[in-house]
Amino acid sequence: MRILGVTFRYGKDVYGGAEAHMKELAEGLRELGAEVDICTTKSHGIRHLIKSGELWDNTLESEEINGVRVIRLPVKNPSRYVSLILEKLIQAELDKEERASENKIIGICEEHLEEENGVLLTGWNQLERYGSFSMRWTKRNPIILIKDKKITKVSLTISNRKRIGGEILFRSSNKELRFPLPVTKDWEHLSFDFSEISGKLLIYIRLNRGWKPLKDFRTLGISVSRINYVSEGIEKSVDLENDYRKVLIKNGLFVEHYINNAGKRADNYGKFFDYMRGPRSPEMAKWLDNNVHKYDIVIAQMLPFNTLQTSLIAKKYDVPLILLPLMHIDDEFYHWKHYYETIKKGDMVLANSSYSKTAFYDRIGAKSTFVGPGVSKETFFQQGIDPESFRSKYKLENKRIILTVSRKNPGKRYDILIKSMERIDQHFKDAHMVMIGPDDDKLPVGSVNVSYLGKVSQEDLVNAYEACEVFVMMSESESFGMVFCEAWTRKKPVIGNLYCGAVSSLIDDGKDGFLCGNEAEVADRIEKLLNDRSLAAELGENGLKKVLENHTWDIVTKKVMNICKENLKPGKEVKKQTGNSLNDRHKKWKYLEVLSGQKKRNHQEKRMLLK
């Protein structure tokens, strides 16, 4: 069987979960007898340009890696100037979609927000963190919802650097109050007192205008760093991290919301997005057009990059197409109408979690099956794993290590882990958190209870898993959650985010780990595991069993090979291949010559017979 992998990046030292996934699949399928080629870009590194845009370095050449032939094609990078214009247009459209959904979002949050809580509704830009300080820019008309009893005061800390006029409107079921918005350039604490309001309180900040910085794609209003209120004489705060998207996700309503918005969006915005995301490679499309017919099956990854769409060329030549989107379905960044159409055209979609299959792929009518990724037995079950060398190298002797492994960016919610360690430190002075992973946000960790190590060697990573007592990662959006499986290989109990669908479908709460929704729950579960070593051991053993039964690469590649065979076109022979080298192909030809009895075929006939 000749298999072609189509992907955005591939290489010996090209790092990333998606890249490792394709590499393990390619080499595993080859070991099972397939002849595997990879069609990819020349890029080793991908540099961030703007929210939706990437720059590709085009530094690698075609080569053979562990018997897999890698064909590399160049990428055309987007213009910085054009990308800024397109990003502004996309953001304006997304803001328009949000405003159109305002009443629906208010209704959902009024119904589903927990009591004694607050949430940011429409009209807010993303949270920004600067060390221990965090804030949000508003858009022109931000809204806040508070559900609590006997509310008598609301206070906000704001900066109105553009001196925009406006008003703040407080609305409950039986009361409406209006206050002028102070015009202040520096940070100022505003307080609004009123008679008791119980139940639902909506706060509308109505600005006379918004403003658009020259090099920013967003519409801005004022900046807000704190929202507090007094309920029954007790001061409480509204978490600036908590916006309506989290309410949608917690209540299983986000997929419908995202699909509805994407379905109404004009096609041009998808084209703008593709231009910035890349990889735009006319030469890749041309190569596929000339060569894809030579393969029995194509496996393509991933979103949100263009290679999944480029791989549709296989359908032109009636070559079966298996898609590996690795989609974070609870992230609106992945939701585009043309992505849905691409996914539905695949002969089979390999869902990375049972959750993504049922919540999304089934929902849009795609043919899918849950396979998921695997762990490397050679890496995580090797002899000579040395936790003490890790402790010594990083000066962690006599520490009870809580480990997290992820990119250091806000979406991974490492801030929850830092806050949980402050609670744990009150009871376990020897407990210490170790963070491993690339530094995306470049912000200081700022806690004596946490050591951030950045990227480490594979040896140090495996030793760290062995050295820790508990593994925790609270990412809001994952396609699977491979780090939990890696921790389970070393029999460690794990803690994940209850509201991340892929993670909550992977971890069986109370059986092989815990699922938590906030920092208090994380701290409680970590302390429970530090106190009860037998429970920690039991959860770790159950996790290891799950990995060995479902999530090693030899198991995964056998599943994928069977899927390939099931999707071959009728009449296609599953041709056993012995290798990819020229010598192997020469031997095959000699064998075919003997069988055919025609030793004088010309070069073209030989190539046709081989293919």
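Please name all residue pairs, on different chains or six or more residues apart, with Cβ atoms under 6 Å, provided the first residue is in region 286-310 and is open to solvent by 10 Å² or more (accessible area, probe 1.4 Å) and the second residue is among the β-branched types (Val, Ile, Thr). Sorted first by the residue in region 286-310, then by its partner, the pairs are ASP289/ILE313; GLN309/THR342. Got at least one residue in region 213-224 being more than 30 Å from ILE416 (Cα to Cα) and out of contact with any helix residue (DSSP H, G or I) (no Cβ under 8 Å at 6 or more places or on another chain)? The answer is yes; a qualifying residue exists. Could you please let me know if ASP148 is touching an Asp or Glu at 6+ places or on another chain (Cβ under 7 Å), modelled with pLDDT of 90 or more and in a strand (DSSP E or B)? Yes; evaluated as a whole, the condition is true for this residue. Checking each residue in region 226-254 for being more than 27 Å from the chain's Cα centre (by Cα) and either of a type outside the set (Phe, Trp, Tyr) or closer than 19 Å to GLU332 by Cα (or both) picks out ARG226, ILE227, ASN228, VAL230, SER231, GLU232, GLY233, ILE234, GLU235, LYS236, SER237. All of (1) in contact (Cβ under 8 Å) with a residue 24 or more places away in the chain; (2) in a helix (DSSP H, G or I) hold for ILE385 with one exception: (2). Exactly one of (1) more than 30 Å from LYS215 (Cα to Cα); (2) modelled with pLDDT under 95; (3) surrounded by 18 or more Cβ atoms within 10 Å (Cβ to Cβ); (4) not small (Gly, Ala, Ser) is unmet by ILE46. Its number? Only one criterion is unmet by ILE46, namely (1). For GLU93, the conditions (1) out of contact with any Phe, Trp or Tyr (no Cβ under 6 Å at 6 or more places or on another chain); (2) in contact (Cβ under 8 Å) with a residue 12 or more places away in the chain; (3) open to solvent by less than 60 Å² (accessible area, probe 1.4 Å) all hold with the exception of (1).
Residues that are hydrophobic (A, V, I, L, M, F, W, C) and touching a Lys or Arg at 6+ places or on another chain (Cβ under 6 Å): does region 120-130 have at least one?
There is at least one residue in region 120-130 that is hydrophobic (A, V, I, L, M, F, W, C) and touching a Lys or Arg at 6+ places or on another chain (Cβ under 6 Å).
Check ILE418 against each of (1) in a helix (DSSP H, G or I); (2) over 29 Å from LYS51 (Cα atoms) and name the one condition it does not meet. It is condition (2) that ILE418 fails. Counting the residues of region 365-380 that are surrounded by 16 or more Cβ atoms within 10 Å (Cβ to Cβ) and either small (Gly, Ala, Ser) or more than 20 Å from VAL503 (Cα to Cα) (or both) gives 6. Cβ-Cβ distances below 6 Å connect the following pairs, each with a first residue in region 451-462 that is among the basic types (Lys, Arg), a second residue that is open to solvent by 30 Å² or more (accessible area, probe 1.4 Å), and a separation of six or more residues or different chains: LYS455/PRO438. Considering only residues in region 414-473 that are hydroxyl-bearing (Ser, Thr, Tyr) and closer than 23 Å to ILE507 by Cα, the one that is most open to solvent (accessible area, probe 1.4 Å) turns out to be TYR414. Within the span defined as region 482-494, one or more residues are outside any strand (DSSP E or B), open to solvent by 10 Å² or more (accessible area, probe 1.4 Å) and either of a type in the set (A, V, I, L, M, F, W, C) or free of Cβ contacts under 8 Å to residues at least 24 places away in the same chain (or both).
Beta carbons closer than 7 Å, at least 6 apart along the sequence or on distinct chains, pair a first residue in region 149-163 that is at positive phi with a second that is open to solvent by 10 Å² or more (accessible area, probe 1.4 Å) and outside any loop (DSSP other than H, G, I, E, B) for LYS150/GLU196; LYS150/SER198.
Can you pull out every residue in region 327-348 that is within 23 Å of TYR295 (Cα to Cα), surrounded by 22 or more Cβ atoms within 10 Å (Cβ to Cβ) and touching a residue at least 60 places away in the same chain (Cβ under 8 Å)? Result: MET348, single match. When ALA520, ALA537 are checked against the criterion of being over 25 Å from the mean Cα position of the chain (by Cα), surrounded by fewer than 23 Cβ atoms within 10 Å (Cβ to Cβ) and among the small types (Gly, Ala, Ser), ALA537 stands alone in meeting it. Scanning region 49-79 for residues that are among the basic types (Lys, Arg) and at pLDDT 95 or above gives ARG69, ARG72, LYS76. The requirement of being modelled with pLDDT of 95 or more, farther than 30 Å from ARG30 by Cα and part of a loop (DSSP other than H, G, I, E, B) is not satisfied by LYS600. Within the set ILE197, ILE168, the sole residue that is open to solvent by less than 70 Å² (accessible area, probe 1.4 Å) and at pLDDT 95 or above turns out to be ILE168.
Within region 202-222, residues that are at negative phi and open to solvent by less than 30 Å² (accessible area, probe 1.4 Å) sit with their Cβ atoms under 6 Å from residues that are of a type outside the set (A, V, I, L, M, F, W, C) and not in a loop (DSSP other than H, G, I, E, B), at 6+ positions apart or across chains, in these pairs: LEU202/ARG171; LEU207/GLY166; GLY221/THR138; ILE222/THR138.
The values are calculated or read from the model by the stated rules, or taken from the named source; none is laboratory data. Note that this is a predicted model, so its numbers are computed, not measured. Positions of Cβ are generated from backbone atoms using ideal geometry, with glycine treated the same way; all protein chains shown enter the neighbour counts. For the accessible areas, the whole protein counts, side chains as well, though only heavy atoms, and no ligand, DNA or RNA atoms are used. Shrake-Rupley method; radii C 1.70, N 1.55, O 1.52, S 1.80 Å.
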